[in-house]
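So the structure is just underneath, and the comments pick up after that.
The values are calculated or read from the model by the stated rules, or taken from the named source; none is laboratory data. Because the structure is predicted, anything quoted here is derived from the model rather than measured. Note that we place each Cβ from the backbone using ideal geometry, even for glycine, and neighbour counts take in every protein chain shown. Just the protein is used for accessible areas: all its heavy atoms, side chains included, with ligands, DNA and RNA removed. Shrake-Rupley method; radii C 1.70, N 1.55, O 1.52, S 1.80 Å.
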Amino acid sequence: MRLDKFLADNSLYSRAQIKRLMHREEVTVNGEVVKDPGFKVTDTDEVMLEGEAMRAVGLRYFMLHKPKGYVCSTDDPEHSSVLALLDDKERFGLHMAGRLDLDTTGLVLLTDDGQWSHRVTSPKHDCAKRYRVWLDDPLIDDAEQRFAEGVQLRGERHLTKPAILERVSETEVLLTISEGKYHQVKRMFAALDNKVVDLHREAIGPLELDASLGEGEYRPLTAEEVALLG
C-alpha cells in the first residue's frame, strides 16, 4: 500500500497533511526517513508518524441513530456530517453505507469496509430498508396494492420496484423498499397525492436499529450483525 494512504487511513490526518509531515521528515519506515508519498509499505514494516508507531486499524462497522439536521456526506458546507457525532479517534476512514436525507432520522451504517458497504447499497443485492412514515393526509384505500405493483415517480421512466406497505393508523405506515432512488419514499407518497411529514428508518435488511440508542448515539456492530448483511 502507498505510504500516504496507509497513514491517512490510520490517523486523523488527510493525505495532504501527511505529505506535509513527510516533507518535514516526520515519517520513518524501519528507522529511515521517507519523503515519497508513493513509497510502498507492507504489514511487516515499522511505520512511525511524529514518533508514534502506526498500525493498521481493522475493519470497523457501526450503527448510528441519525437525528435531524445532519447530512450523510462529508462535503456539505452548510450542515454537519453524521461523522461529527463520532469520537475523533473513531471517525477517520469511515464512510456511510447508504444515506438518509437531512430531515430523516434513524438507522445509518458506517464502515471502512468497501466491499461490505457495496453489498448493503448495491441495487443488485436488493437489500430491503424499512421506514416508519407519518403522512399529512389519511392514506388512500388501495395504497397497498399500488405500492405492491410499483408506482410511477415524476421524472422516472420505470415504475418503482414492488414495495410492502403496512398501515399503523390512517396517517402512520411502515414501508419496506428494496431500492434507493433520490427522495424515493417522499416521491412515492407524492404519487398518491400525499405528503410525508416525518420519516424514520428502522431497519436495513434484517438489521434493526438498536432501541437503546438515543438520537445521535452509536455503537459497533457485533460480528453476528455484520454477518447479517455480509
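Observations on the model:
- Among the residues of the range 151-197, the ones that are in contact with a Leu (Cβ under 6 Å, 6 or more places away or on another chain) and of a type in the set (Asp, Glu) come to 1 in all.
- Set side by side, the residues VAL71, VAL41 differ, and just one is open to solvent by less than 40 Å² (accessible area, probe 1.4 Å) and at pLDDT below 95, which is VAL41.
- Among the residues of the range 85-98, the one identified as among the acidic types (Asp, Glu), without any contact (Cβ under 8 Å) to a residue 40 or more places away in the chain and not in a loop (DSSP other than H, G, I, E, B) is GLU90.
- Within the range 14-38, considering residues that are open to solvent by 50 Å² or more (accessible area, probe 1.4 Å) and touching a residue at least 12 places away in the same chain (Cβ under 8 Å), the one nearest to the chain's Cα centre (by Cα): ARG15
- Among the residues of the range 184-213, those identified as under 20 Å from LEU229 (Cβ atoms) and touching a residue at least 60 places away in the same chain (Cβ under 8 Å) are HIS200, ARG201, GLU202, ALA203, ILE204, GLY205, LEU207, GLU208, LEU209, ASP210, LEU213.
- When restricted to residues that are open to solvent by less than 20 Å² (accessible area, probe 1.4 Å) and in a loop (DSSP other than H, G, I, E, B), the range 99-112 contains 2.
- Extreme residue, farthest from LEU59 (Cα to Cα), among residues of the range 115-135 that are in contact with a strand residue (DSSP E or B) (Cβ under 8 Å, 6 or more places away or on another chain) and open to solvent by 40 Å² or more (accessible area, probe 1.4 Å): TRP134
- In this entry, SER80 passes the filter for residues that are open to solvent by 20 Å² or more (accessible area, probe 1.4 Å), within 15 Å of the chain's Cα centre (by Cα) and of a type in the set (S, T, N, Q).
- TYR61 open to solvent by 50 Å² or more (accessible area, probe 1.4 Å) and among the aromatic types (Phe, Trp, Tyr): no
- Residue that is modelled with the highest pLDDT [pool: residues in the range 86-98 that are open to solvent by 40 Å² or more (accessible area, probe 1.4 Å) and touching a strand residue (DSSP E or B) at 6+ places or on another chain (Cβ under 9 Å)]: HIS95
- Within the range 44-58, tally of residues that are open to solvent by 80 Å² or more (accessible area, probe 1.4 Å) and either on the phi > 0 side of the Ramachandran plot or touching a helix residue (DSSP H, G or I) at 6+ places or on another chain (Cβ under 8 Å) (or both): 1
Condition check ((1) modelled with pLDDT of 95 or more; (2) touching a helix residue (DSSP H, G or I) at 6+ places or on another chain (Cβ under 9 Å); (3) under 17 Å from LEU64 (Cα atoms)) across all residues:
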{"position": "GLY150", "(1), (2), (3)": "yes, no, no"}
{"position": "ILE164", "(1), (2), (3)": "yes, yes, no"}
{"position": "ARG167", "(1), (2), (3)": "yes, yes, no"}
{"position": "LEU175", "(1), (2), (3)": "yes, yes, no"}
{"position": "ILE204", "(1), (2), (3)": "yes, yes, yes"}
{"position": "GLY214", "(1), (2), (3)": "yes, no, yes"}
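- Listed by first and then second residue, the pairs with beta-carbon distance under 6 Å, at least 6 apart or on different chains, first residue in the range 125-149 and more than 17 Å from ILE177 (Cα to Cα), second in a strand (DSSP E or B) and among the aliphatic types (A, V, I, L, M), are ASP136/VAL197.
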